[in-house]
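The values are calculated or read from the model by the stated rules, or taken from the named source; none is laboratory data. The model shown is predicted, which means the values in this text are computed figures rather than measured ones. Note that each Cβ is placed from the backbone with ideal geometry, even for glycine, and that neighbours are counted across all protein chains shown.
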Amino acid sequence: MDYQFVVEQLQSVLYADSLTRHPMTHTVNTPSETSIIFDSISYNKAASIIRMFEHALGSDKFQLALQEYIKLHEYTTSTPEKLFTALQRQAEFDLVRYMTPWTTQSGYPVINVVIDKTTNMANVKQNRFLLKNENNANDKTLWDIPLTFATKVADFENTKPLTYYTRLDASGININLTSAPRSWTIFNVQQTGYYRVNYDTAAWNDISVGLKKTNFDGIHVLNRAQVTLTYFAY
């Protein structure tokens, strides 16, 4: 089911959300405006953001938070802030601060990864991904991004963020890849994060070589789909 969701829902809304659409949390003033905003951004993107933070919290804590939220607000109307509060009670990090920009800002980021194998470091910078606007230098929208990466097959089973790339790090961050990388390094494990990943030419070549090996060199099926989608987006 998760595989189907990523291919049919998440990847399709990444296209729609790259065309300067409305944010998930959106003020409306008339019934007609209400009907207009119930689109893939309201449904598919919202589900993708919730999935991202489920992996950040862990499924058990996420389920506890949802049970508390539903019980507390049954038979009443609700707001995003009430859901955030329930999730925050189970979180060990400032979930409200990290989650809010994903709901109040339109679009999403692409992280640009440059890997230095001599130092075993990855330099990561973000900018907004806009499909039909090559000149996005003036768009300063930033997000707090939960980062995961894999340098070996076993890493694909860990979808909990290894670090967060916050809006305060506008100039980018450096990440120690912790162990000697395989021939490839892949960010956004199982495409749990709602963002694209672009690599330097050498890193793209390493991924390409891996995909041509037996059993795709162990690269997870969701990351194979992610890599293909992103490659053809450029």
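Could you please let me know if Phe38 is touching a strand residue (DSSP E or B) at 6+ places or on another chain (Cβ under 8 Å) and either buried (at least 16 other Cβ atoms within 10 Å of the Cβ) or not charged (D, E, K, R) (or both)? Considered against the rule, which asks whether it is touching a strand residue (DSSP E or B) at 6+ places or on another chain (Cβ under 8 Å) and either buried (at least 16 other Cβ atoms within 10 Å of the Cβ) or not charged (D, E, K, R) (or both), Phe38 comes out as no. From the list Arg97, Arg21, the lone residue that is of a type outside the set (Gly, Ala, Ser), within 18 Å of the chain's Cα centre (by Cα) and outside any helix (DSSP H, G or I) is Arg21. Residues that are surrounded by 15 or more Cβ atoms within 10 Å (Cβ to Cβ) and among the small types (Gly, Ala, Ser) within segment 49-106 comprise Ala56, Gly58, Ala65, Ala86, Ala91, Ser106, listed in sequence order.
The residues of segment 1-18 that are in a loop (DSSP other than H, G, I, E, B) and either within 17 Å of Thr230 (Cβ to Cβ) or modelled with pLDDT of 85 or more (or both), listed by number, are Asp17, Ser18.
Residue-wise test of (1) outside any loop (DSSP other than H, G, I, E, B); (2) under 26 Å from Val6 (Cα atoms); (3) among the small types (Gly, Ala, Ser); (4) in the same structural domain as Tyr15 (by TED's automatic domain parsing).
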{"site": "Asn138", "(1), (2), (3), (4)": "no, no, no, no"}
{"site": "Phe156", "(1), (2), (3), (4)": "yes, yes, no, no"}
{"site": "Tyr164", "(1), (2), (3), (4)": "yes, yes, no, no"}
{"site": "Ala170", "(1), (2), (3), (4)": "no, no, yes, no"}
{"site": "Asn174", "(1), (2), (3), (4)": "yes, no, no, no"}
{"site": "Trp184", "(1), (2), (3), (4)": "no, yes, no, no"}
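Residue count for segment 186-216 satisfying the condition of being buried (at least 17 other Cβ atoms within 10 Å of the Cβ) and part of a loop (DSSP other than H, G, I, E, B): 5. Residue pairs whose Cβ atoms lie under 7 Å apart, separated by 6 or more positions or on different chains, with the first residue in segment 60-72 and assigned by TED's automatic domain parsing to the domain that holds Thr85 and assigned to a helix (DSSP H, G or I) and the second surrounded by fewer than 12 Cβ atoms within 10 Å (Cβ to Cβ) and not hydrophobic (A, V, I, L, M, F, W, C), do not occur.
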